[in-house]
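**Q** This structure is in structure tokens; I'll ask about it shortly.
The values are calculated or read from the model by the stated rules, or taken from the named source; none is laboratory data. Bear in mind the structure is a predicted one, so any value in this text is a computation, not a measurement. Neighbour counts are summed over all protein chains in view; Cβ atoms, including those assigned to glycine, are modelled from backbone coordinates with ideal geometry. Calculation scope for accessible area: heavy atoms of the full protein, side chains included, ligands and nucleic acids excluded. Shrake-Rupley method; radii C 1.70, N 1.55, O 1.52, S 1.80 Å.
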Amino acid sequence: GNSVTQMEGPVTLSEEAFLTINCTYTATGYPSLFWYVQYPGEGLQLLLKATKADDKGSNKGFEATYRKETTSFHLEKGSVQVSDSAVYFCALSNFGNEKLTFGTGTRLTIIP
Amino acid sequence: DAGVIQSPRHEVTEMGQEVTLRCKPISGHDYLFWYRQTMMRGLELLIYFNNNVPIDDSGMPEDRFSAKMPNASFSTLKIQPSEPRDSAVYFCASSLVGPLGGNTIYFGEGSWLTVV
């Protein structure tokens, strides 16, 4: 079946630090991959996505590249801000299964 | 365009009471999802609908939970009787088509349920 494994949190960084949140997946075929972000007290919002191998999704300074050879979709940002403090979820969808499969989420806190 | 609208935002109820959570999906979206989020289990898909028809309810925890979608603009998730372990944030989400091919799922702000 499909599964997503995310880096355990929580992660605490100083402002302007480099961020990496690891995500690996298990799936057959060619799933679509997503990063969602959840700000305090809110629902999840799509941050970025990639639908085929070697695609790079990007948004708000965040990037993630779909690596089929390593079954990974790591989230990166070069210089984080306090406003990036949130919970980040990696997810996938796959043919034959309409559901999004989510990772456990990684809580990120940025300190000034 | 209004997003996914959920009500109530917060509810505190006593064990044994019936709880009804409501959701209005984004107009024109064919898929509707109910998720539950807890610290212990993270984000779990409970059930989803396509064109008002339940497609997969394998995530519904037990018979105390039921969900309906009587029309394209309204869905309910009901818990009867409620128990303290049902305390969680319940999210409704909708999408124009399914998430295959990278289609985006839009989430509501959640209903925060506490059962005491």
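**Q** Quick check: is even one residue across region A:85-95 under 10 Å from the mean Cα position of the chain (by Cα), within 14 Å of A:Leu33 (Cα to Cα) and open to solvent by 10 Å² or more (accessible area, probe 1.4 Å)?
**A** no
**Q** Could you grab me the full set of residues in region A:59-84 that are closer than 23 Å to A:Leu13 by Cα, touching a residue at least 40 places away in the same chain (Cβ under 8 Å) and over 12 Å from the mean Cα position of the chain (by Cα)?
**A** Once the filter is applied, which keeps residues that are closer than 23 Å to A:Leu13 by Cα, touching a residue at least 40 places away in the same chain (Cβ under 8 Å) and over 12 Å from the mean Cα position of the chain (by Cα), region A:59-84 yields A:Gly78, A:Ser79, A:Val80, A:Gln81, A:Val82, A:Asp84.
**Q** Restricting attention to region A:30-46, which residues are open to solvent by less than 10 Å² (accessible area, probe 1.4 Å) and within 24 Å of A:Lys68 (Cα to Cα)?
**A** A:Pro31, A:Ser32, A:Leu33, A:Phe34, A:Trp35, A:Tyr36, A:Val37
**Q** Across region A:19-71, which residue is farthest from the other protein chains (Cβ to nearest Cβ) among those that are assigned to a strand (DSSP E or B) and among the β-branched types (Val, Ile, Thr)?
**A** Per the criteria, the residue is A:Thr20.
**Q** In region B:1-13, how many residues are surrounded by fewer than 19 Cβ atoms within 10 Å (Cβ to Cβ) and either under 21 Å from A:Trp35 (Cα atoms) or in contact (Cβ under 8 Å) with a residue 40 or more places away in the chain (or both)?
**A** Within region B:1-13, residues that are surrounded by fewer than 19 Cβ atoms within 10 Å (Cβ to Cβ) and either under 21 Å from A:Trp35 (Cα atoms) or in contact (Cβ under 8 Å) with a residue 40 or more places away in the chain (or both) number 9.
**Q** Can I ask one more? From A:Tyr30, A:Tyr25, A:Tyr66, A:Tyr88, which residue is farther than 21 Å from B:Ile47 by Cα and at pLDDT below 95?
**A** A:Tyr30
**Q** Within region B:61-116, track down each residue that is more than 27 Å from A:Leu47 (Cα to Cα), under 16 Å from the mean Cα position of the chain (by Cα) and among the acidic types (Asp, Glu).
**A** B:Glu62, B:Asp63, B:Asp86
**Q** May I pose another question? Go through region B:60-79 residue by residue and tally those that are more than 12 Å from B:Tyr90 (Cα to Cα) and in contact with an Asp or Glu (Cβ under 6 Å, 6 or more places away or on another chain).
**A** 0
**Q** I would also like to ask the following. Mind checking which pairs have a first residue in region A:91-112 that is more than 7 Å from every other protein chain (Cβ to nearest Cβ) and more than 19 Å from A:Glu8 (Cβ to Cβ) and a second that is modelled with pLDDT of 80 or more and crowded, with 16+ Cβ neighbours inside 10 Å, Cβ under 6 Å, 6 or more apart or different chains?
**A** Short answer, once both residue conditions are applied: A:Asn94/A:Asn2; A:Asn94/A:Ala27; A:Asn94/A:Pro31.
**Q** Go through region A:1-58 and give me each residue that's farther than 16 Å from A:Phe89 by Cα, among the polar types (S, T, N, Q) and free of Cβ contacts under 8 Å to residues at least 60 places away in the same chain.
**A** A:Thr51 - this is the single residue of region A:1-58 that is farther than 16 Å from A:Phe89 by Cα, among the polar types (S, T, N, Q) and free of Cβ contacts under 8 Å to residues at least 60 places away in the same chain.
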